[in-house]
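Remarks on the structure that follows.
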Amino acid sequence: MPRIGTVRPRQPADVRVAGLGKQYPTRSGGSVVAMADVDLDVPAGEFVCVVGASGCGKSTLLRILAGFESASHGTVAVAGAPVTGPDPERGVVFQDYGLFPWLSVRENIAYGPRQARLQRPVVRERTDRFLAAVGLERFADRYPNELSGGMQQRVAIARVLANDPSLLLMDEPFGALDALTRSSLQGELSRIHRETGTTVLFVTHSIEEAVFLADRVVVMAGGASHGVPGHVREIVPVDLGADRDVTSVAFNALKRRIAALVHEEVAAPAA
Amino acid sequence: MSSTEAATATGVARPRTPAAPAAPTAGTATGSAPRAPRRRPRLGPLLLALPVPVLVLALWTVGVHQSWELPFGIRMGFLPTPLEVGRRLVDLAAGGIVDDAFSGTLLAHLWASTQRVLAGFALAVALAVPLGVVMGRFSLAFRMLEPTVNLARPVPVTAWAPLTLLIIGYGDASAIFLVFLASFFPVLLNTIAGVRQVPVRLLEAAAMLGTRPAQVLYKVVLPASMRSIASGLRVALGLAWVILVVGETVGISTGLGAMITQARDQSKTDLIVAGMVVIGLCGFVADRLLTGLLALVTRRRPTLT
């Protein structure tokens, strides 16, 4: 697999989330508190996975960091600057890819650099580099609907990386893929992270995926349906080194510990 | 089991290309394999489509000669035969057969009608597409305008015709205005629907990739709603030809609708049917030209045509 290269004009960003809360208005005029008092500090270059049961607010956290939704309480800062809206410095990879179906693979990847009005040779060089990084040179002129799900997600990752983001936000990116494709993409993502050094916040349902990829795993719990706002239950460091063996004892011990944290009943609010 | 399946598969495929030696098949097997054996003569669809129109023409001819009476009180004795219509069509186009006021005038009528259709249709597109985009994108505009649009829409364009003749007067402007009205609503409604259906995910993707707000329309909204807009254009262009005949009925001397009206006044049924055939063909050709143009503009990209 070709290397991405080491030229990185943009530094990875650190993320500071403090006292973050989100509430939605309901039809009856009241409001539902989806998430409250979330604190999270991610140093630059770290790979953080967020796990938790459905409705715990992990996707909301990611969408607020992306700038798609606004916070009801608290502050969110990326590289020291408050988040006010979407920005190409914060690349987002969606579960359903979100590729432009009328653009070819190459044009999808070149989209960001073109919007940034980079010079033509620079756009071309970046596009080629990230096409190669995800191994899709042979499919450069195909359209997204001609590709498998795994290939489409590779395009989506390359498209975001071509913007040279300082933070990569991934919302269950491999959730719709089969197990084989999933594990090969996990390996690729791990390699890409080592080469680019970009900070990554990765939301997933899969505990194994989180333990395989992350430097730290953020376990979230609660959610509106539990009667308790979504919150961070615990942050578990993963000290398993670079090449992780999903069958090893240490790996599975960690998996069990995080699974227990995820499935533990939420304490009922004081009556 | 898979080997026997493969054997029967090639066994079926072989007889189609008996002349082809085994070597090329084996050589290209790794590349694009299942391309070669699809060279069937193109006679099938034609053979299937031909009998019905032939039968209709035959029954039509017999019916005219025998003066059949059909339901609705259709007296076929008053109809021209297909042959007479064909003669009239040739005379209309080239002259030299019937030799009356209509001989060789087809091009003039055709050109006059085409101009009116193009003018009315183009005006409708120029107004309805931008309005549809605004109504589809901005809910305030939608809520302000949608009730009015849907109140005005059910009024048939044919019902507008008498009023139009009184307030605009006889002539080109009336016909063009009616074509415009007929084309306007299909384009508007399909544009609104297309723009409202643009997936939120694509707008989010565009935003996080750094699309400037002024470019979102051109880069995402229009491409994503292109298919719906295109079908609106096709419906509108079809209706434009329909309403043209009504619009050219009064106070216009050249045009296919005018020609049919004059033919009726002179009881020339063969000319009426010839006019009907020409207008039908016009609608068909216009639709093909439009789809071809759209394919050209969108360069045959997926989801655009």
field: Rounded percent of accessible protein surface that carbon and sulfur make up, the stretch A:35-153, 1.4 Å probe
entry: 47 percent
For the stretch B:173-241 and the stretch B:49-128, distance of Cα centres in Å: 35 Å
message: Averaged across orientations, what area in nm² does the convex hull of the alpha carbons in the stretch A:188-257 project?
response: 5.4 nm²
- line: Dividing the mean separation of Cα pairs under 8 Å (6+ apart) by the residue count of the stretch B:154-305 yields a relative contact order in percent of 27 percent
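At 10 °C and 1.306 mPa s, grab the translational diffusion coefficient of the stretch A:67-109 from Stokes-Einstein with a Kirkwood Rh over Cα pairs, rounded to a whole number in µm² per second.
On the way: Rh = 12.8 Å.
After rounding, the answer is 124 µm²/s.
Note the direction-averaged projected area, equal to a quarter of the hull surface, for the Cα convex hull of chain A, in nm².
Numbers: hull surface 62.5 nm².
Orientation-averaged projected area of the Cα hull: 15.6 nm².
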statement: Note on the protein assembly as shown, DSSP bridge orientation, antiparallel percent to nearest 5 equals 55 percent
Long-range amide H partners of residue A:32 with built H, under 5 Å: A:24, A:26
query: If one computes P(r) from the Cα atoms of the stretch B:194-250, what percent of pairs lie at distances over 14 Å?
result: 64 percent
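May I ask for the accessible area buried between chains B and A, both sides summed, probe 1.4 Å, to the nearest 100 Å²? Show your work: numbers first, answer last.
Numbers: alone 19290 and 12990 Å², together 30220 Å².
That pair hides around 2100 Å² of surface in total.
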- prompt: Quick one: putting +1 on the C-beta of Lys and Arg, -1 on the C-beta of Asp and Glu, what dipole do you get for the stretch B:46-123 around its Cα centre, in Debye to the nearest 20?
  reply: 180 debye
task: Over the Cα atoms of the stretch B:139-228, compute the convex hull volume and normalise it per residue, giving Å³.
output: 126 Å³
message: Rg/Rh for the stretch A:154-271 to two decimals, with Rh computed the Kirkwood way over all alpha-carbon pairs.
response: 1.00
- prompt: Counting alpha carbon pairs within less than 8 Å and at least 6 residues apart, what relative contact order, in whole percent, applies to chain A?
  reply: 27 percent
query: By accessible area of protein heavy atoms, probe 1.4 Å, what ranking do A:247, A:127, B:269 get, highest first?
result: A:247, B:269, A:127
- line: In the stretch B:276-305, the residues losing 20 Å² or more of accessible area (1.4 Å probe, heavy atoms of protein chains only) relative to their chain alone are B:301, B:302, B:303
- prompt: At residue B:118 and residue A:245, where each label point lies 7 Å from the Cα along Cα→Cβ, what is the point-to-point distance in nanometres?
  reply: 7.7 nm
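Once you sort the root eigenvalues of the Cα gyration tensor of the stretch B:238-302 as a ≥ b ≥ c, which label holds: rounded (a/c under 1.5), prolate (a/b larger than b/c) or oblate (the other case)?
Details: a/c = 4.55, a/b = 2.71, b/c = 1.68.
Since a/c reaches 1.5 and a/b is larger than b/c, the shape of the stretch B:238-302 is classed as prolate.
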- prompt: Bin by bin, in steps of 10 Å, what percent of the Cα pairs in the stretch A:34-191 do you find, going until the bin that has the longest distance?
  reply: 10, 37, 35, 16, 2
- request: For an R0 of 35 angstrom, estimate the FRET efficiency from the Cβ-Cβ distance between residue B:289 and residue B:59 and round to the nearest 0.05.
  value: 0.60
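How big is the shadow of the Cα convex hull of the stretch B:76-178, averaged over all directions, in nm²? Mind dumping the intermediate values first?
On the way: hull surface 41.1 nm².
Averaged projected area of the stretch B:76-178's Cα convex hull equals 10.3 nm².
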message: I'd like the distance between the alpha-carbon centres of the stretch A:193-271 and the stretch A:104-164, rounded to an integer number of Å.
response: 31 Å
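Taking only Cα atoms of the protein assembly as shown, what ratio of Rg to Rh do you get with Rh as the Kirkwood inverse-distance radius? Show your work: numbers first, answer last.
Details: Rg = 33.3 Å, Rh = 29.7 Å.
Looking at the protein assembly as shown, the ratio lands at 1.12.
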- request: Counting only DSSP beta bridges with both residues in chain A, tell me the antiparallel percent, nearest 5.
  value: 55 percent
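Given Cα pairs under 8 Å that are at least 6 residues apart, what percent is the relative contact order of the stretch A:12-80? Walk me through the numbers before you get to the answer.
Numbers: 113 pairs, mean separation 31.8, N = 69.
Relative contact order here is 46 percent.
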task: Give a residue-ordered list of calculated ³J(HN,Hα) values for the stretch B:198-209 (Karplus: 6.51 cos²θ - 1.76 cosθ + 1.60, θ = phi - 60°; whole Hz; x for Gly, Pro).
output: 4, x, 4, 4, 5, 5, 5, 4, 4, 5, 6, 8
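The values are calculated or read from the model by the stated rules, or taken from the named source; none is laboratory data. Here the structure is a predicted model, which means the values were calculated and not measured. Heads up, the Cβs are rebuilt from the backbone with ideal geometry, glycines too, and the neighbour counts pull from every protein chain shown. Note: areas computed on protein heavy atoms with side chains; ligands, DNA, RNA excluded. Shrake-Rupley method; radii C 1.70, N 1.55, O 1.52, S 1.80 Å.
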